[in-house]
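The values are calculated or read from the model by the stated rules, or taken from the named source; none is laboratory data. Nothing here was measured: the structure is a model prediction, and the numbers come from that model. Positions of Cβ are generated from backbone atoms using ideal geometry, with glycine treated the same way; all protein chains shown enter the neighbour counts.
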Amino acid sequence: MAFLSSLDISGSGLTAGRLRMDVISENISNAETTRTDAGGPYRRKIVEYKCADDDASFRSLLDGQIASSSAPSTLKGVEVTGITEDRTPFNEEYDPSSPDANAQGYVQKPNVDLVKETVDMMAVTRAYSANLTALNAVKSMASKALEIGK
Amino acid sequence: MNTIQPIQPIGSLEELGKLKQTQAAGPDSSVALPFQSLVRDAVSGVQQTGADLDGEIYKLTTGQSDDLHNMMIASQKAGLSVSMVVELRNKLLDAYKEIMNTSL
């Protein structure tokens, strides 16, 4: 039913928020990782978001034009296009006893800032709640609409 | 100078005329009554949301999906569509009773 597709917009936000939370958890758990398969220490990961409504395929454009007489059905919410790596330089720490220390005794540590990740985590939690609030508002609006005339 | 506006036919009555035509065409006409298709669409919408909910629960319990909220959204959708069809049915029954109680 078409009037229920409004819930999917908030649903896409919830899915994106959960994925971002996973990425933040990985950043935190690898905050001290000095070895990866690619070599070198762990690089902080970032989620890329994209607004999902500008899908340029012919079919979606045609459907959008046909449906444009009714409610705008091209709103799809958000989608994650990829997870990229933070290119900021690694932190260097002087620790000659570490097996990963170089000739000068410095160890390259991941470019993960725990304080930053904590703040990001709080932001994601709040954003998830905001999406849930929007979803519940849409749902209660539909329930209220069914009470018209009672 | 004012021009006299011709009397416009009333839209809703025109629709009634069309309805009469489709009825006059007989039961073998392939044109479905709007009422019939309305009810059928509503019920098939409920079936669709129910099937979506079943699919989400299946995916979640078998571990193919780890999005809890998609299942909850599907369940809300199923509940809303059922209450919409129940509301539609109540309205239809009310209208039917109203007509049947007409005293002649």
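Residues in the stretch A:1-25 that are surrounded by 14 or more Cβ atoms within 10 Å (Cβ to Cβ) and more than 16 Å from A:VAL78 (Cβ to Cβ) were compared, and the one that is modelled with the lowest pLDDT is A:MET1. Among the residues of the stretch A:78-85, are any crowded, with 16+ Cβ neighbours inside 10 Å, of a type outside the set (Asp, Glu) and within 12 Å of chain B (Cβ to nearest Cβ)? No, the stretch A:78-85 contains no residue that is crowded, with 16+ Cβ neighbours inside 10 Å, of a type outside the set (Asp, Glu) and within 12 Å of chain B (Cβ to nearest Cβ). Filtering the stretch B:7-63 to residues that are part of a loop (DSSP other than H, G, I, E, B), surrounded by 10 or more Cβ atoms within 10 Å (Cβ to Cβ) and either modelled with pLDDT of 75 or more or in contact with a strand residue (DSSP E or B) (Cβ under 6 Å, 6 or more places away or on another chain) (or both) leaves only B:LEU33. A:SER25 meets all of the listed conditions (1) over 18 Å from B:ASP66 (Cα atoms); (2) assigned to a helix (DSSP H, G or I) but one, namely (1). Within the stretch A:92-150, the only residue that satisfies the criterion of being part of a loop (DSSP other than H, G, I, E, B), free of Cβ contacts under 8 Å to residues at least 24 places away in the same chain and among the hydroxyl-bearing types (Ser, Thr, Tyr) is A:SER97. Cβ separations smaller than 8 Å between residues 6+ apart or across chains give no pair from the stretch A:63-90 residues that are part of a strand (DSSP E or B) to residues that are at pLDDT below 70. Taking the stretch B:49-91 only, how many residues are touching a helix residue (DSSP H, G or I) at 6+ places or on another chain (Cβ under 8 Å) and either more than 29 Å from A:ARG18 (Cα to Cα) or within 12 Å of another protein chain (Cβ to nearest Cβ) (or both)? Here the count works out to 25. Residue count for the stretch A:94-150, restricted to those that are under 30 Å from A:LEU7 (Cα atoms), among the small types (Gly, Ala, Ser) and either in contact with a strand residue (DSSP E or B) (Cβ under 9 Å, 6 or more places away or on another chain) or within 14 Å of chain B (Cβ to nearest Cβ) (or both): 10.
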